[in-house]
Amino acid sequence: MHPAEIKKICSRAINPGISVCLLLILPQIGWAAGTPSGTSISNSATLTYSVGAGPTNTATSNAVSFIVDKKVNLLVTEVSGSPTSVGIGQTGAVTTFSVINLGNDPQGFALAAALAAGNPASGGTPPFTTNDFSATGLQVFADSNGNGVYDAGVDTATSIPTLAADASQKVFIVADIPGTAAAGQQSVVSLTATAVVPITMAPLSQTPGVDTPGVDVVFADGAGVTDAALDAKYSAYGAYLVNGVNVTLTKTVASIVDPNGTAVVMPKAVITYQIDVDLSGSGTADNLVITDPLPANTTYLANSISITCISGTYAGGGACGVGTISAPQPPVSKGDLDTDGDYADFNFTSANAVTVTLGNATSPAKSIITFKATIN
Amino acid sequence: MQISRLLLITTLLSMLGGFSATVQAAGDAIKVTSIAQVETEVIGKDGKKSLVRTPVEKAIPGTEVIYTTTFQNLIKKPVGDIVINNPVPNASEYKAGSAFGKDCDILFSVDGGKTFGHAEELTIKDEGGKPRPALAKEYTNIRWIYKKQLAPGKSGEVGFRAAIK
C-alpha cells in the first residue's frame, strides 16, 4: 500500500489578501519497482511419462537461467502543472519538480537547471510554452529534508546522492526575476536529471555489445523536453509567470462612411471607432473603466455605443455582466445615459467622453467597444 | 551377522537395481530441453519486419521472455501419459494467453501447483474472502497434458511467455 498523498494547491491571490487553497487527497500511483539487478531467474520443466503399461517415469529438463540486468529509467515532472506566480524583481522564486527513479536499483541523480531556448520554448508543453523573459541566477536544490517545500539554507544539496528504486524526490529550481520583467510575462526553465552511480556520482554508461554474464547496465528512459530517449536523462519544463494583469487598449478606426456612401474623410462622414480591451497576464483588474474622450472636431452620434464581450470572467457589475464568458457574444447596443443601468454612457461620467464600465475583469479577457462620431 | 550382511547386500542390490532402472528410463526414453529466448523485431533488407528469437541477453524488468520446452522420444516404443509441469519462473509474471502446446490440454495453478484448472476455472479469494477470477499474472504453475502417444523419434514442443517483474 502506498500512503495517500495530501496535496495542497494554492492559487495566488487574485485580489490582494485573498488566496484560495484546495486540499486534494490523491492516491499515490504505485510504480512497479522491478526485480533488482543481479537476481537470477531460472526455469526448469519436469516431464512425467510411461512406456506401455510400465510405471510413471520422470524426466527433468536442463535449468535455463539468466541474470536480471540494471534498468536505468527515470521521470522528471513539474509538480504543480502551472507556472509559479512571481512578482517583478522577486528573488529566490521557486519552481518544484519531482524526480522518480523508475529503474530497478538505487540510483544517484545529477541535477541541472537551465533557461528554455526560444519563444515559444522549443518542445514546451502548455502552460510552459511562452518564454518572454529570462529568469536569472538559476540554482537547483534537492529536497534534502523530504518535506516537499524548499527550505533556504536547509535544502542545500545540489544533487540526489541516492534514491531507491520506485522512490521519488522533489527538486527545486530557485531563480530571481529581473526588474525589467512585465506583468503577464513568463520565463520557462528546465530541469534535467541524469542517473549516475549512487554516492560517488560517477557517470553511468550502458554495457556495450552483447550480453555479459554479470549485471549489464541498460538505459530504458524516454525522451524529455530537452533530452533524447535512452540517455539516462530526463528533463521537464517549469515556468515563472509575473503576476499582475496587463490591460491593453487599442483604438482603431473601424470604418468611415461619408454622405455619398463611400469612405472619404469629409464633413458629415461617420467614423466608427473601435477600442479593443485586452487583459493579459494573471489576476484581476478591479473596477475596470474605459474612458475615451471624443476626438477633436467630431460630434458624438447618439446611442452609438456598442460592446462585444469575447472572453473573460467578470464580477462586480459591468457591461459584460457577471460570470465567465465561454463563447464570444454578439454586439450589444448601449444607451447614452448613466442612469439606464447598462454600464455605458456618453458625457455623464466624464465630460465629452465615452465611458464603459467592465467591473472586476479577470485575465485573460477580451472585449470590443465601438462608438460613432460625425466629422464636423 | 551373516544374515544381516546378506540382507544388507540384497537390499543394496535391489535399491541399486531399482534406482538404475529409473535413471535409465528417465534418462533415455525422453529427452527434455528447456530454452529461454526474447523476441525482437528485425527489419530485413526487403524492408519487411520479422520477429527473431534470440537467447535472453539484456534482461531488465518488463522484458518478455519466451520459455520453450522440447521433449523427444529416444526409444523404439511409443511413450504415453506425458505430462509437463513448469512453474512460472521466479520474479516473473505469466503473460495471459501465451501458453502453447500442440495436442495438449493446458492447465494452470494459482496455488503453487497444488491444484490445476483451465484458465477460466481459476479463482483467487479477494480481501473479503470471496472468490474472484484469477488474473494471468497470478498463475504460479503451468501444466501441459499431452493427449497423444509420442511415437519413436518424434518430439513435441510446449512453452509460454513471462515478463520479468
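Filter region A:45-55 down to the residues that are under 15 Å from B:Q149 (Cβ atoms) and of a type in the set (S, T, N, Q) and list them by number. Steps first, please.
Our first condition is that a residue be under 15 Å from B:Q149 (Cβ atoms); within region A:45-55, this holds for A:47-54.
The answer is A:T48, A:S50.
Hey, can you tell me all the residues within region A:161-209 that are among the aliphatic types (A, V, I, L, M) and closer than 19 Å to A:D227 by Cα?
Initial filter on region A:161-209 (among the aliphatic types (A, V, I, L, M)): A:163-165, A:167, A:171, A:173-175, A:177, A:181-183, A:188-189, A:191, A:193, A:195-197, A:199, A:201-202, A:204.
Once the filter is applied, which keeps residues that are among the aliphatic types (A, V, I, L, M) and closer than 19 Å to A:D227 by Cα, region A:161-209 yields A:V171, A:I173, A:V188, A:V189, A:L191, A:A193, A:A195, A:V196, A:L204.
From (1) assigned to a loop (DSSP other than H, G, I, E, B); (2) touching a residue at least 40 places away in the same chain (Cβ under 8 Å); (3) out of contact with any Pro (no Cβ under 9 Å at 6 or more places or on another chain), pick out the condition that doesn't hold for A:T129.
It is condition (3) that A:T129 fails.
In region A:310-359, which residues are surrounded by fewer than 16 Cβ atoms within 10 Å (Cβ to Cβ), touching a residue at least 40 places away in the same chain (Cβ under 8 Å) and either outside the structural domain of A:Q274 (by TED's automatic domain parsing) or over 17 Å from A:L294 (Cα atoms) (or both)?
A:G316, A:G317, listed by residue number.
Using the structure shown, decide if A:Y300 is surrounded by 14 or more Cβ atoms within 10 Å (Cβ to Cβ), in contact (Cβ under 8 Å) with a residue 60 or more places away in the chain and in the same structural domain as A:D276 (by TED's automatic domain parsing). Steps first, please.
Working: surrounded by 14 or more Cβ atoms within 10 Å (Cβ to Cβ): yes; in contact (Cβ under 8 Å) with a residue 60 or more places away in the chain: yes; in the same structural domain as A:D276 (by TED's automatic domain parsing): yes.
The answer is yes for A:Y300.
Restricting attention to region A:161-202, report how many residues are hydrophobic (A, V, I, L, M, F, W, C) and not in a strand (DSSP E or B).
Of region A:161-202, the ones hydrophobic (A, V, I, L, M, F, W, C) are A:163-165, A:167, A:171-175, A:177, A:181-183, A:188-189, A:191, A:193, A:195-197, A:199, A:201-202.
Next cut, not in a strand (DSSP E or B) only: A:164-165, A:167, A:177, A:181-183, A:197, A:199, A:201-202.
Number of matching residues: 11.
If I go through region A:60-75 residue by residue, how many of them are within 10 Å of A:F219 (Cα to Cα) and within 7 Å of another protein chain (Cβ to nearest Cβ)?
As a first pass, look at region A:60-75 and keep what is within 10 Å of A:F219 (Cα to Cα): A:70-74.
With the extra rule that they be within 7 Å of another protein chain (Cβ to nearest Cβ), the set shrinks to A:71.
Of the residues in region A:60-75, 1 are within 10 Å of A:F219 (Cα to Cα) and within 7 Å of another protein chain (Cβ to nearest Cβ).
Find all pairs meeting these conditions: Cβ atoms under 7 angstrom apart; at least six residues apart or on different chains; first residue within region A:184-209 and within 14 Å of chain B (Cβ to nearest Cβ); second residue of a type in the set (D, E).
Correct list of pairs: A:T207/A:D216.
Of the residues that sit in region A:50-87 and are part of a loop (DSSP other than H, G, I, E, B) and in contact with a Ser or Thr (Cβ under 7 Å, 6 or more places away or on another chain), which one is farthest from A:T136 (Cα to Cα)?
The initial filter retains those residues of region A:50-87 that are part of a loop (DSSP other than H, G, I, E, B), namely A:52-56, A:61-63, A:68-69, A:73, A:79-83, A:87.
Of the ones still in play, those that are also in contact with a Ser or Thr (Cβ under 7 Å, 6 or more places away or on another chain) are A:56, A:61-63, A:68-69, A:79-80.
Numbers: A:T56: 80, A:S61: 66, A:N62: 64, A:A63: 60, A:V68: 45, A:D69: 42, A:V79: 21, A:S80: 21 Å.
Looking at residues that are part of a loop (DSSP other than H, G, I, E, B) and in contact with a Ser or Thr (Cβ under 7 Å, 6 or more places away or on another chain), I get A:T56.
Being of a type outside the set (A, V, I, L, M, F, W, C) and loosely packed, with under 14 Cβ neighbours inside 10 Å is the filter here; which residues of region A:261-294 pass it?
Going through region A:261-294, the residues of a type outside the set (A, V, I, L, M, F, W, C) turn out to be A:261-262, A:267-268, A:272-274, A:276, A:278, A:280-284, A:286-287, A:291-293.
Once the filter is applied, which keeps residues that are of a type outside the set (A, V, I, L, M, F, W, C) and loosely packed, with under 14 Cβ neighbours inside 10 Å, region A:261-294 yields A:G261, A:T262, A:P267, A:K268, A:N287, A:T291, A:P293.
Strands (runs of 3 or more DSSP E) wholly in region B:47-165 with at least 1 residues that are more than 9 Å from chain A (Cβ to nearest Cβ) and either under 22 Å from B:I30 (Cα atoms) or not aliphatic (A, V, I, L, M) (or both) - which ones? First the steps, then the outcome.
Working: elements: B:49-55, B:64-73, B:79-87, B:92-94, B:104-109, B:123-125, B:131-133, B:141-146, B:155-164.
Result: B:49-55, B:64-73, B:92-94, B:104-109, B:123-125, B:131-133, B:141-146, B:155-164.
In region B:47-76, which residue that is loosely packed, with under 14 Cβ neighbours inside 10 Å and not aliphatic (A, V, I, L, M) is nearest to A:Y49 (Cα to Cα)?
So the residue we want is B:K76.
Only residues that are crowded, with 21+ Cβ neighbours inside 10 Å and closer than 19 Å to A:V242 by Cβ: list them for region A:125-146, please. Don't jump to the end; show me each part of the working.
Here is the first cut: in region A:125-146, the residues crowded, with 21+ Cβ neighbours inside 10 Å are A:128, A:131, A:135, A:140-143.
Within region A:125-146, A:F128, A:N131, A:A135 meet the criteria.
Quickly run through region A:80-93 and pick out the residues that are of a type outside the set (G, A, S) and surrounded by 17 or more Cβ atoms within 10 Å (Cβ to Cβ).
First, pick out the residues of region A:80-93 that are of a type outside the set (G, A, S): A:83-84, A:86, A:88, A:90-91.
Within region A:80-93, A:P83, A:T84, A:V86, A:Q90 qualify.
The values are calculated or read from the model by the stated rules, or taken from the named source; none is laboratory data. Small disclaimer: the values here were computed from a predicted structure and weren't measured. Heads up, the Cβs are rebuilt from the backbone with ideal geometry, glycines too, and the neighbour counts pull from every protein chain shown.
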